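Nothing in this text is a laboratory measurement; each read-out follows from the coordinates by a stated rule. Since this is a predicted model, take the numbers as computed values, not measurements. So basically every Cβ, Gly included, is an ideal-geometry build from the backbone, and we count neighbours across all protein chains shown.
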Amino acid sequence: PEASALCGKTVIVTAGPTREKIDDVRFLSNYSSGKMGFAIAAEAARRGAKVRLVTGPVNLPTPPGVERIDVESAAGMLAAARPLFDDCDLFIGAAAVADYRPEAPVAGKIKKKDAEMEIRLVRNPDILAGFANGRKPGQVAVGFALETAGGIDYARRKLVDKRLDLVAFNIYDGRTSGFEVDTNALTLLGRDGNVTELPLLSKEKAAAKLLDAVESILPR
Ligand code: C5P
């Protein structure tokens, strides 16, 4: 068979959730398991890529041949990933990065009072958009868009706004597709207008199909 277009390429994959500290014992996060990102990292390594997997806290083994960098927060993920941007042919953002973080995490443990409490949140940096905006010609940027049904227009807007080459639109239905489960139904939207609707697949098979599409747009 022909060698994979990924063979010898350097790939960054982000995966998992991030944790945004409220105080030293509490955080804001989401239900991302990291399974999709880890499946992508594993498959890219299998195809001969040099894979750097920047991951939030997950309970998954490191795929064979993958360099894993563990982070906690969005800021930590950006700090770990940014130095790798230059030497990277392909960035796949599969992490569910928290959009907001508490403005000022409290040292120690916040004491409860007999009153309501407010936590002010501020925006986190967009890691994938940062890569896509600062990239050199030939570097490829791929993102995910997790939306509830009907969200394909949001996904298309993400492709444009974040200046991506490919977006994997991921229907969140709370059962068979999205967070924590082992299956995923992806619709791939290319910058060229190509739309590929994949059936419900294991995350391993979905990763392989996604990378097939990526290979077709990677410069040889
Ligand atoms: O805008 P939204 O969060 O839906 O975009 C999802 C895509 O952007 C995913 O690929 C995700 O990994 C990436 N992202 C990121 N940094 C953020 C937010 C999202 O890299 N702060």
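The table that follows gives values for the structure above.
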quantity	calculated
Of Met36, Met117, Met77, the one that fluctuates the most in a GNM where the chain has Cα springs shorter than 10 Å	Met117
For segment 1-73, with +1 on Lys and Arg beta carbons and -1 on Asp and Glu, the positive-most of Ala49, Val13, Met36 along the dipole	Ala49
18 Å Cα-Cα reach of Lys50 towards lysines, excluding residues that sit fewer than 8 places from it in its own chain	Lys9
Segment 64-116 and segment 145-220: distance between their alpha carbon centers, rounded to Å	23 Å
Reachable aspartates and glutamates from Lys203, criterion Cα separation under 15 angstrom, eight or more residues apart if same chain	Glu43, Glu180, Asp182, Asp212
Candidate aspartates and glutamates for bridging to Lys158, where Cα separation is under 15 Å - those fewer than 8 sequence places away on the same chain excluded	Asp99, Asp126, Glu147, Asp192
Cleavage-rule hits, chymotrypsin sites (Phe, Trp or Tyr not before Pro), segment 1-96, DSSP coil, Cβ neighbours within 10 Å at most 14	Tyr31
Computed lengthening from Arg157 to Glu116, 0.36 nm per intervening residue step minus Cα-Cα distance	11.0 nm
Neighbour count of at most 13 Cβ within 10 Å plus DSSP loop: longest GluC sites (Glu not before Pro)-free window in the chain	3-102
Among the listed pairs Lys21/Lys109; Lys35/Lys209; Lys21/Lys112; Lys162/Lys205, those beyond 20 Å (Cα-Cα)	Lys162/Lys205
Of all DSSP beta bridges in the chain, antiparallel share, percent nearest 5	35 percent
Unit charges on C-beta of K, R, D, E only; dipole of the chain, Debye	300 debye
Per-residue [θ]222 nm for the chain (sum of -39500 (n - 2.57) over DSSP H runs n ≥ 4, rounded to 500)	-7000 deg cm²/dmol
